[in-house]
Amino acid sequence: MVSLWENWRSGMRRGPKFDTVGGSTTYAVELTRRHSAISLTRQGADSGHLQINLSWRMRSSDFDGRRRSGGLLRNPLQAFKPEPVQGHTQGMVTVDLDLACMYELKDGSKGVVQPLGGLLGEINAPPYVKLSGDDRFGGSSGETIYVNLDHKDEIKRLLVFVYIYDGTPAFDRTHAVVSLIPSNGPRIEVGLDERAPEARSCAVVLIENDSKGHLVVRREVRYVYGFQSELDRLYGWGLQWGRGYKRKAGRA
């Protein structure tokens, strides 16, 4: 008869259990502070095209949230009333999030793939990283970066980050999620919902080839108050940065 102690030890040998999202058909691994890294190599997910998607939407301001909470405390029956439909008012957070990636290849070449400056990258040639485009309105498809993992042996490290190009610096009010979708294996998700007042940028994940030749994704979620140059300084990339702008665009 197997003891509880033996069951516990066998469970520990199987390795850490990650938080999961969805059912069997939408299985996803959520990287958290407690379980912050996953090996794409061990998952059999280090080949083909890796999609890195940023999705986000605008959310009501904290002021509105406090007002609703106070109303519920005074009148609990208000919870059963439908929320009024509101337009785009001063009570809404307007923000333009951008997805970007700093890359360093094993031959020493470095750079960035981002909407600013039209630095969209290449998928079948160095840096093997390409940005699909720029979503300025928080659409359902968001922004996507593609990484050609068939050339993983040429990649040293990738820093995936998100910055607020324009609008209110409030990551916790945008419902932003960065999803890594390999050609095989589970989707990997990282939520950017921590309160970091006035932060303009966030290093989300670092993808590295480790000493064992494994491609590892590590959750970073480090908020900074500057932009790319500050992230560069934190991670020692050594790039030269200048001020960049976008051309104004209307909704399609």
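So, in region 200-213, how many residues would count as being over 25 Å from Gln43 (Cβ atoms) and more than 15 Å from the chain's Cα centre (by Cα)?
Of the residues in region 200-213, 0 are over 25 Å from Gln43 (Cβ atoms) and more than 15 Å from the chain's Cα centre (by Cα).
Within region 1-60, considering only strands (runs of 3 or more DSSP E) that don't extend past its boundaries, which have at least 1 residues that are modelled with pLDDT under 50, within 15 Å of Val177 (Cα to Cα) and hydroxyl-bearing (Ser, Thr, Tyr)?
19-21
Sort out which residues of region 163-181 are at pLDDT 95 or above and either over 14 Å from the mean Cα position of the chain (by Cα) or open to solvent by less than 30 Å² (accessible area, probe 1.4 Å) (or both), and write them in order of number.
Hits for region 163-181 are Val178, Ser179, Leu180.
With the requirement that a residue be part of a strand (DSSP E or B), within 21 Å of Leu50 (Cβ to Cβ) and open to solvent by less than 30 Å² (accessible area, probe 1.4 Å), what does region 182-211 give you?
Ile188, Val190, Gly191, Cys202, Ala203, Val204, Val205, Leu206, Ile207, listed by residue number.
Between a first residue in region 93-113 that is touching a residue at least 40 places away in the same chain (Cβ under 8 Å) and a second residue that is open to solvent by less than 10 Å² (accessible area, probe 1.4 Å) and of a type in the set (S, T, N, Q), which pairs have beta carbons less than 6 Å apart while being 6 or more apart in sequence or on different chains?
What qualifies is Val95/Thr174.
Being at pLDDT 95 or above and either surrounded by 22 or more Cβ atoms within 10 Å (Cβ to Cβ) or assigned to a loop (DSSP other than H, G, I, E, B) (or both) is the filter here, so list the residues in region 132-147 that pass it.
Hits for region 132-147 are Ile145, Val147.
The values are calculated or read from the model by the stated rules, or taken from the named source; none is laboratory data. Note that the coordinates shown come from a computational prediction; the quantities given were computed from them, not determined experimentally. Every residue, glycine among them, receives a Cβ derived from its backbone with ideal geometry; neighbour counts consider all protein chains shown. Areas reflect the complete protein model, heavy atoms only, side chains present, ligands, DNA and RNA absent. Shrake-Rupley method; radii C 1.70, N 1.55, O 1.52, S 1.80 Å.
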